[in-house]
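The values are calculated or read from the model by the stated rules, or taken from the named source; none is laboratory data. Treat the numbers as computed from the prediction; the structure is a model and nothing was measured. Positions of Cβ are generated from backbone atoms using ideal geometry, with glycine treated the same way; all protein chains shown enter the neighbour counts.
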Amino acid sequence: MSEAVDNDLRNLDYEPDPYKVALESLDPAQPALFFHAAEGPYFDRLRAEDPVHLTPDNEEFGRYWSVTRYEDIKYVDMHHEIFSSEGGITISDQDEDFTLPMFIAMDPPKHDEQRKVVAPVAGPRNLATLEPTIREHVCEILDSLPIGETFNWVDRVSIELTTRMLATLFDFPFEERRKLTRWSDVATAAPGTGIVESEDQRRAELLECLEFFTGLWQERASRKEPGNDLISMLAHGQSTRDMLNRPMEYLGNLVLLIVGGNDTTRNSLSAGVLALNQNPDQYDKLRANPDLIPNMVSEIIRWQTPLAHMRRLALQDTELAGKQIKKGEKVVMWYVSGNRDPEVFDDPNAFIIDRPNARKHMSFGFGIHRCMGNRVGEMQLRIAWEEILKRYQKVEVVGEPVRNYSVFVHGYTELPVRLIGK
Ligand code: HEM
């Protein structure tokens, strides 16, 4: 991030104390809150006082409902016949002249048909094949890191690892893999916040992504034996093989797979380092018992909630926790709040690597859209921590993290660290 943009974001106005705002004016969809890690108290207040809450006029996102308690969020996610994903799954509306259809933003039957085609990439058979490849990449990345010097963990480890993983899933030309990182960042960026200058630039770069992947599609479609990669699956799948005739739908699904597989795991890998540094007793516990890694991975994903929300549109007038939601209104499921619901998680703000119900977290959602790549994400994190523990006494955080300026992608752009060898 450039220094000027960085300073602009740091100086943005926000009110850290939600109790200084009238309840009816409380509006959690403020990127500045998330940038400063100040969103928690807003959601604590909403869960306690107004768990299904209407914001009538957010400057950027318009009128929307916030659903903040675990059980209510789960209810919305499980009822796709009332709460539709059609038209977009983030709080911001898609531009009408640049719509990217993708199966996460579709309802049945089209959603189910398209998901079925690509789901095997994250299925048990492919997972077993992927494990040694992931471990190889993890070892190569970790072995290239300097001991005792400060560097940005996000770039050298989190981004590099998840980008390699994505390149493997797409069978993407390996040397050009950072294109995937760029497209992932561009897809979710707000113009003027350090990644792209304007909406025009964003669109132009996404169209370059489409052009590149069109070449890959043509090459994969021409093969008699379909490969085991995502593009081959789409190019040969019964309900997707004509998708190239609908280029924006191809681009939309690419963006889904790129962002889905990239930002989320990336931010979990950075979050683990930060959480262990903020909780040295948990780091000691982990060093003493590496068997806790799988449970810790779930706790990291709960604690971080890499995607802060998913949104739906009400298909009919309906009632939720005593509130009347009208047909057509936006309903935002704040996973980041459900994961801190004290009704479900004791001492919810604490990071506890052996928390008994960590796996109950809602970071992967529920219902028909439940994360397709959750096992792939978990596997990457497990292997990364297994190999980190073998090599270093500590990954020490030596400066302030820089967070994403976003109410959707909940993560980090910088995390300065220093490695302490064994
Ligand atoms: C820690 C890592 C990850 C997190 C936190 C995460 C989170 C999510 C969430 C919240 C959803 C929507 C759930 C809902 O609406 O109910 C989702 C869907 C999805 N994720 Fe992930 N994800 C992760 C990793 C991955 C990976 C590695 C991939 C690809 C290999 C992936 C691919 C997808 C896809 C394709 C969908 C759409 C599913 C559908 O609409 O049927 N995700 N993910």
In segment 402-421, residue nearest to the chain's Cα centre (by Cα) [restricted to those that are over 14 Å from Ser158 (Cα atoms) and of a type in the set (Ser, Thr, Tyr)]: Ser406
task: Determine which member of the set Ala48, Ala38 is assigned to a helix (DSSP H, G or I), under 19 Å from Pro16 (Cα atoms) and of a type outside the set (Lys, Arg).
output: Ala48
task: Could you check how many residues of segment 195-249 are farther than 25 Å from Gln94 by Cβ, surrounded by 13 or more Cβ atoms within 10 Å (Cβ to Cβ) and basic (Lys, Arg)?
output: 2
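Scan segment 358-367 for residues that are more than 6 Å from the ligand (Cβ to nearest atom) and either of a type in the set (A, V, I, L, M) or surrounded by fewer than 21 Cβ atoms within 10 Å (Cβ to Cβ) (or both) and report the count.
Residues meeting the conditions: 4.
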- prompt: Hey, any hits in segment 175-196 for a residue that's polar (S, T, N, Q), in contact with a helix residue (DSSP H, G or I) (Cβ under 9 Å, 6 or more places away or on another chain) and more than 24 Å from Ile301 (Cα to Cα)?
  reply: yes
- prompt: Restricting segment 327-341 to residues that are assigned to a loop (DSSP other than H, G, I, E, B), over 19 Å from the mean Cα position of the chain (by Cα) and touching a residue at least 40 places away in the same chain (Cβ under 8 Å), which is nearest to the ligand (Cβ to nearest atom)?
  reply: Asp341
message: When you scan segment 123-130, do you find a residue that is polar (S, T, N, Q), within 11 Å of the ligand (Cβ to nearest atom) and either in contact (Cβ under 8 Å) with a residue 24 or more places away in the chain or surrounded by 20 or more Cβ atoms within 10 Å (Cβ to Cβ) (or both), even just one?
response: yes
message: Need the failing condition index for Leu54 against (1) in a loop (DSSP other than H, G, I, E, B); (2) aliphatic (A, V, I, L, M); (3) over 28 Å from Leu269 (Cβ atoms), just the number.
response: (1)
query: Could you count how many residues in segment 305-326 are more than 16 Å from the ligand (Cβ to nearest atom), surrounded by 15 or more Cβ atoms within 10 Å (Cβ to Cβ) and basic (Lys, Arg)?
result: 1
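Residue-by-condition table, conditions (1) modelled with pLDDT of 95 or more; (2) touching a strand residue (DSSP E or B) at 6+ places or on another chain (Cβ under 9 Å); (3) of a type in the set (S, T, N, Q); (4) within 28 Å of Glu343 (Cβ to Cβ):
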{"residue": "Ser2", "(1), (2), (3), (4)": "no, no, yes, no"}
{"residue": "Asn7", "(1), (2), (3), (4)": "no, no, yes, no"}
{"residue": "Glu15", "(1), (2), (3), (4)": "no, no, no, yes"}
{"residue": "Pro41", "(1), (2), (3), (4)": "yes, no, no, yes"}
task: Identify the residue in segment 342-357 that is farther than 22 Å from Pro41 by Cβ and surrounded by fewer than 22 Cβ atoms within 10 Å (Cβ to Cβ) and, among all such residues, is nearest to the ligand (Cβ to nearest atom).
output: Asn357
message: With the requirement that a residue be within 22 Å of Gln30 (Cα to Cα) and of a type in the set (D, E, K, R), what does segment 48-71 give you?
response: Glu49, Asp50, Asp57, Glu59, Glu60, Arg63, Arg69
query: What are the residues in segment 20-43 that are more than 19 Å from Val331 (Cβ to Cβ) and surrounded by 19 or more Cβ atoms within 10 Å (Cβ to Cβ), if any?
result: Pro31, Leu33, Phe34, Phe35
query: Does segment 81-119 hold any residues that are in contact with a helix residue (DSSP H, G or I) (Cβ under 6 Å, 6 or more places away or on another chain), more than 10 Å from the ligand (Cβ to nearest atom) and either within 30 Å of Glu386 (Cα to Cα) or of a type outside the set (A, V, I, L, M, F, W, C) (or both), and which are they?
result: Gly88, Pro101
query: Taking segment 90-122 on its own, how many of its residues are free of Cβ contacts under 8 Å to residues at least 24 places away in the same chain and under 21 Å from the mean Cα position of the chain (by Cα)?
result: 2
- prompt: Can you find even one residue in segment 394-402 that is without any contact (Cβ under 8 Å) to a residue 40 or more places away in the chain and within 28 Å of Pro28 (Cα to Cα)?
  reply: yes
- prompt: When segment 351-401 is examined, which residues are found to be closer than 28 Å to Arg156 by Cα, of a type in the set (A, V, I, L, M, F, W, C) and assigned to a loop (DSSP other than H, G, I, E, B)?
  reply: Phe351, Ile352, Ile353, Phe364, Cys371, Met372, Val398
